[in-house]
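For reference, the structure is listed below as structure tokens.
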Amino acid sequence: THFGEQTVAMADKQGLVDKVFHDVADRYDLMNDLMSGGVHRLWKGAMVNELAPPKTGSRPYRVLDMAGGTGDIAERIVNASVGYAEVVVSDINADMLRVGAERAKSWRYPAQASFVEANAEELPFDDNSFDAYTIAFGIRNVPRVQKALNEAHRVLKRGGRILVLEFSQVDVPGFDAIYRLYSDRVIPPMGKVVTGDAQPYQYFVESIRKFPNPQAFSGMLTSAGFKRVKHTSLTGNIATLFSGWKI
Ligand code: SAM
């Protein structure tokens, strides 16, 4: 059946994604800097700025950084809150989490993070248990995006916020051709030089092209139950920051 085929394709996708991040875990942060020319740092900064985590309060401020990989976003959130926020870094890939947990030992506030292996589609967390859910460059890798967004909504408290940072299609005339050339001719060979394999980066480029456009993705956030959904495009549309609230 059509449904059956689709299910198999989904399982294949997660398997491929897991292999990609298993293979690159140790050099993941270096690759990010090389491929984006360091610009991913600005985008992540923009996400954390938008979140503006509190620096004090009468109760804990709990954040779930899903597909948190090596803990990049989590560290920024904790620092922005001057050590107040508690961040659960969650990822399906134990290798990425291992690198993250090791790095967290030298954070300014190492006690503020914990690491939990989990699939974004089926979270091992209680309903209404987080103040914020962040996912940076992760949702594109999840086979069933709507399922993951529904889960995000479930685990957030009322008044909680979701922020999604993701690559988007560049459609700015002139810049789109340059970006396409860069994606096809520069990124996979660069990946091969640093990690010994171009295939993961071929996957990376294709996954960006297949991801829903900002309007369609905003619709999925709304379907999950989020309100006041909005998006902001970053750096000529290379990346988009989405925001929604559980009210
Ligand atoms: N958030 C980090 C950052 O911005 O640097 C890491 C992003 S990395 C491009 C994507 C991450 O998504 C990988 O660590 C991968 O293991 C994770 N991932 C893929 N599928 C997932 C799933 N179904 N559930 C949770 N994490 C997943």
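The values are calculated or read from the model by the stated rules, or taken from the named source; none is laboratory data. Remember, predicted model here, so these are calculated numbers, not experimental data. Using ideal geometry, Cβ is built from the backbone for each residue, glycine included, and neighbour counts are taken over all protein chains shown.
Could you count how many residues in the range 49-76 are within 14 Å of the ligand (Cβ to nearest atom), over 18 Å from ALA152 (Cα atoms) and either over 16 Å from the mean Cα position of the chain (by Cα) or not in a helix (DSSP H, G or I) (or both)?
So the answer is 2.
Quick test of your reading of the structure: VAL87 fulfils all but one of (1) part of a helix (DSSP H, G or I); (2) within 14 Å of the ligand (Cβ to nearest atom); (3) among the β-branched types (Val, Ile, Thr). Name the failing condition by number.
(1)
As an exercise: evaluate VAL99 against (1) out of contact with any strand residue (DSSP E or B) (no Cβ under 8 Å at 6 or more places or on another chain); (2) over 21 Å from GLU166 (Cβ atoms); (3) among the hydrophobic types (A, V, I, L, M, F, W, C); (4) modelled with pLDDT of 95 or more and give the number of the one condition it does not meet.
So the condition that VAL99 fails would be (4).
Mind checking whether some residue in the range 27-47 is of a type in the set (S, T, N, Q), more than 12 Å from the ligand (Cβ to nearest atom) and not in a loop (DSSP other than H, G, I, E, B)?
no
Quick one: what pairs do we get from the range 23-46, first residue at pLDDT below 80 and among the aliphatic types (A, V, I, L, M), second more than 9 Å from the ligand (Cβ to nearest atom) and not in a helix (DSSP H, G or I), C-beta under 9 Å, 6+ apart or different chains?
The qualifying pairs are VAL24/ASP197.
This table checks each residue for (1) away from the ligand (no atom under 14 Å from the Cβ); (2) surrounded by 15 or more Cβ atoms within 10 Å (Cβ to Cβ); (3) part of a loop (DSSP other than H, G, I, E, B).
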position: PRO189; (1), (2), (3): yes, no, no
position: TYR201; (1), (2), (3): no, yes, no
position: PHE204; (1), (2), (3): no, yes, no
position: ILE208; (1), (2), (3): no, yes, no
position: ALA216; (1), (2), (3): yes, no, no
position: MET220; (1), (2), (3): yes, yes, no
